[in-house]
Amino acid sequence: MTPAAPQPDTKTRILDAAARLFHEQGFNATGVSTILREANINPGSLYNLFPSKDALLGAVLERYTELLYPVVMKPVEDKTADPIDRVFALLQQYRDWFSPLEFRLGCPIGNLALEVADSHPEIRPLIQRNFDGWSAFVEKWLIEAGDRLPKQLDRKQLAATVLTVMEGGLMQARSSRSAAAYDASVAQLRTYFDLLLSQAQSERGSGERASRSSGG
């Protein structure tokens, strides 16, 4: 007989339930009683770990940071070794995740940024840490692309632009219940990358010609 899978501990159950409910309903609309019911725990178990709902929100955001690589980035890196292809595989992954629901829920981090960034200033750094971590992976891939991209290109800024395309595309898709706006945004980004690749190729060609003419 195959042994039963171990059950998640209390903290994991709480975080799983809270993250799902904050995503589905929003932070403000989610009551503590609903989290208790969905996690199948009593109030003492919750407040022993998280003294307030705000503290629980902070822990959810910390967990998103911890899960960024194994859940979001590793599947992309496993799919392709090409660093530029990874950028577009990442964007496709988000499309695949949210399109079955007609983009109804949107990005959980983006949603929280819109909902609580003004009312919970202490939470803003945790939201930003998630965005920064996401962009850092994309920046790493862009650096790994080497001279396939123009030498003077600001790779950090381009990574931030990729994040903006993803978040903005998802927001528009959520509004329209259609992938059209998301796909159009990604297509424009692809065109920009094609221009960058072409520019870098020209730069390499110019460098090679200069080297030959100088006898290098």
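The values are calculated or read from the model by the stated rules, or taken from the named source; none is laboratory data. It should be emphasised that the depicted structure is a prediction, and the values quoted were computed from it without experimental measurement. Every residue, glycine among them, receives a Cβ derived from its backbone with ideal geometry; neighbour counts consider all protein chains shown.
Filter the stretch 122-147 down to the residues that are part of a helix (DSSP H, G or I) and farther than 25 Å from GLU62 by Cα, then identify the one that is farthest from the chain's Cα centre (by Cα).
Per the criteria, the residue is ASP147.
Among the residues of the stretch 28-62, how many are under 22 Å from PRO121 (Cα atoms), outside any helix (DSSP H, G or I) and of a type in the set (A, V, I, L, M, F, W, C)?
Final tally of qualifying residues: 2.
Looking at LEU68, LEU49, LEU61, LEU91, which one is modelled with pLDDT of 95 or more, over 29 Å from ALA173 (Cβ atoms) and touching a helix residue (DSSP H, G or I) at 6+ places or on another chain (Cβ under 6 Å)?
LEU49
Search the stretch 92-106 for residues that are free of Cβ contacts under 8 Å to residues at least 60 places away in the same chain and pair each with any residue that is among the aromatic types (Phe, Trp, Tyr) when their beta-carbon atoms are under 8 Å apart and the residues are at least 6 apart or on different chains.
Pairs that qualify, where the first residue is free of Cβ contacts under 8 Å to residues at least 60 places away in the same chain and the partner is among the aromatic types (Phe, Trp, Tyr): there are none.
I'd like to know if the stretch 4-18 contains one or more residues that are in contact (Cβ under 8 Å) with a residue 60 or more places away in the chain and over 26 Å from ARG104 (Cα atoms).
no
If ALA117 satisfies every condition in (1) at pLDDT below 95; (2) out of contact with any helix residue (DSSP H, G or I) (no Cβ under 7 Å at 6 or more places or on another chain) but one, which is the exception?
Every condition holds for ALA117 apart from (2).
Give the stretch 63-121 a look and list any residue that's in a loop (DSSP other than H, G, I, E, B) and exposed (fewer than 15 other Cβ atoms within 10 Å of the Cβ), or say none.
The answer is THR80, ALA81, ASP82, GLU102, ARG104, ALA117, ASP118, SER119, PRO121.
I'd like to check something: does the stretch 148-165 contain any residue that is under 21 Å from the mean Cα position of the chain (by Cα) and outside any helix (DSSP H, G or I)?
Within the stretch 148-165 (the criterion being under 21 Å from the mean Cα position of the chain (by Cα) and outside any helix (DSSP H, G or I)), the answer is yes, since at least one residue qualifies.
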